[in-house]
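Here the structure is laid out as structure tokens; the discussion comes afterwards.
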Amino acid sequence: MTNVIYNTATTLSGFIADDDNSLDWLFVVEQPEDNSFGPFLEGVGALVMGSTTYEWVYTHEGLDEHPEKWRDSYAERPAFVFTTRELPVPDGLDIRLVQGAVSDHFGEIAEAAGDGDVWVVGGGDLAGQFYEAGQLDEIRLSIAPVTLESGAPVLPRRIEADALHLKSAHVEGQFVHAHYEVRYPRP
Ligand SMILES: NC(=O)c1ccc[n+]([C@@H]2O[C@H](COP(=O)([O-])OP(=O)(O)OC[C@H]3O[C@@H](n4cnc5c(N)ncnc54)[C@H](OP(=O)(O)O)[C@@H]3O)[C@@H](O)[C@H]2O)c1
């Protein structure tokens with residue numbers, strides 16, 4: 001069964017990037033090589049992300065000159081980028097630009113994931129759109145020992161304890177990895 005999983009690193013103040021969309025605060029935190037991300041990624045059949053996240057990857061990896069770096073991170077998994085703009089997509093990569101309601105695209109996304117899960121890479125508002133569409137099953141947070149005063153929020157929605165159930169939490173180096181199941185409240 002395909003699960004839709006928002007999996008991201010966050011500061012303990014609840015930001016996934018700083019005001020300049022930088023992750024420099026994240027990359028300096030020690031993380032053991034043996035962490036839960038590898039097994040998680042093995043189960044992923046398709047990715048979704050917003051355009052800011054895609055543009056960050058595009059620039060950070062230099063995809064215009066080195067498109068193969070996309071495969072180093074995500075292999076051949078289809079990716080859906082939510083955007084209202086025509087963004088550059090390197091030839092040969094299965095990156096599909098979509099726009100509008102999650103529900104308009106969810107069938108195609110789930111089909112692309114096959115037997116695997118859908119990874120909502122970010123940002124937080126897109127994860128919120130999946131939640132509102134009733135299509136967010138899990139939230140997995142790697143909480144870094146960092147605080148920021150502002151930035152891109154991890155999940156800018158009000159979702160209370162009746163809808164979030166902590167399944168597990170464990171230490172990974174300097175991170176706490178917390179795994180929540182989303183349980184939609186009955187009407
Ligand atoms: N800490 C981590 O592990 C981690 C993980 C992921 C991301 N990040 C970072 O966090 C930041 C997230 O940025 P962000 O909050 O701006 O979020 P984002 O989801 O990456 O991008 C938001 C943009 O996506 C487009 N979009 C979103 N929903 C859409 C829809 N339904 N239809 C059409 N377009 C839609 C809109 O831009 P346009 O229409 O103008 O294209 C919107 O402004 C980035 O800097 C990213 O690199 C960090």
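Among the residues that make up the range 85-100, is at least one of them of a type in the set (Lys, Arg), without any contact (Cβ under 8 Å) to a residue 60 or more places away in the chain, surrounded by 18 or more Cβ atoms within 10 Å (Cβ to Cβ) and in a loop (DSSP other than H, G, I, E, B)?
no
Tally time: how many residues in the range 70-84 are in contact (Cβ under 8 Å) with a residue 12 or more places away in the chain and either loosely packed, with under 15 Cβ neighbours inside 10 Å or outside any strand (DSSP E or B) (or both)?
In the first step, residues of the range 70-84 are kept if they are in contact (Cβ under 8 Å) with a residue 12 or more places away in the chain; the result is 70-71, 73-74, 76-84.
With the extra rule that they be either loosely packed, with under 15 Cβ neighbours inside 10 Å or outside any strand (DSSP E or B) (or both), the set shrinks to 70-71, 73-74, 76-78, 83-84.
Matching residues across the range 70-84 total 9.
Do you know which of the residues in the range 1-10 that are part of a strand (DSSP E or B) and aliphatic (A, V, I, L, M) is farthest from the ligand (Cβ to nearest atom)?
4
Of the residues that sit in the range 168-187 and are closer than 15 Å to residue 136 by Cβ and touching a strand residue (DSSP E or B) at 6+ places or on another chain (Cβ under 6 Å), which one is most open to solvent (accessible area, probe 1.4 Å)?
Ranking the candidates gives 183 first.
Is at least one residue of the range 50-58 under 24 Å from residue 181 (Cβ atoms) and surrounded by 15 or more Cβ atoms within 10 Å (Cβ to Cβ)?
Scanning the range 50-58 turns up at least one residue that is under 24 Å from residue 181 (Cβ atoms) and surrounded by 15 or more Cβ atoms within 10 Å (Cβ to Cβ).
Sort out which residues of the range 11-35 are out of contact with any Pro (no Cβ under 9 Å at 6 or more places or on another chain) and either part of a strand (DSSP E or B) or closer than 19 Å to residue 136 by Cβ (or both), and write them in order of number.
Of everything in the range 11-35, just one residue is out of contact with any Pro (no Cβ under 9 Å at 6 or more places or on another chain) and either part of a strand (DSSP E or B) or closer than 19 Å to residue 136 by Cβ (or both), namely 17.
Out of curiosity, is residue 67 touching a residue at least 12 places away in the same chain (Cβ under 8 Å), touching a strand residue (DSSP E or B) at 6+ places or on another chain (Cβ under 8 Å) and away from the ligand (no atom under 16 Å from the Cβ)?
No: the conditions fail for residue 67.
Return the pairs, sorted by first residue and then second, in which the second residue is among the charged types (D, E, K, R) and not in a loop (DSSP other than H, G, I, E, B), the first residue lies in the range 146-157 and is more than 18 Å from residue 24 (Cβ to Cβ) and without any contact (Cβ under 8 Å) to a residue 60 or more places away in the chain, the beta carbons are less than 9 Å apart, and the residues are 6+ apart or on different chains.
The qualifying pairs are 156/125; 157/125; 157/132.
Is it the case, given these coordinates, that residue 165 is surrounded by 15 or more Cβ atoms within 10 Å (Cβ to Cβ) and out of contact with any His (no Cβ under 6 Å at 6 or more places or on another chain)?
no
Each row is one residue, and each column tells you yes or no for (1) touching a Gly at 6+ places or on another chain (Cβ under 9 Å); (2) near the ligand (Cβ under 9 Å from one of its atoms); (3) modelled with pLDDT under 95; (4) closer than 30 Å to residue 173 by Cβ.
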| residue | (1), (2), (3), (4) |
| --- | --- |
| 46 | yes, no, no, yes |
| 78 | yes, no, no, no |
| 86 | no, no, no, no |
| 94 | no, no, no, no |
| 100 | no, yes, no, no |
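The values are calculated or read from the model by the stated rules, or taken from the named source; none is laboratory data. If you're wondering where the values come from, they're calculated on a predicted model, not measured in any experiment. Here the Cβ is made from the backbone with ideal geometry for all residues, glycine too, and neighbour counts use every protein chain on show. Heads up: the accessible areas ignore ligands, DNA and RNA and are worked out on the full protein's heavy atoms, side chains in. Shrake-Rupley method; radii C 1.70, N 1.55, O 1.52, S 1.80 Å.
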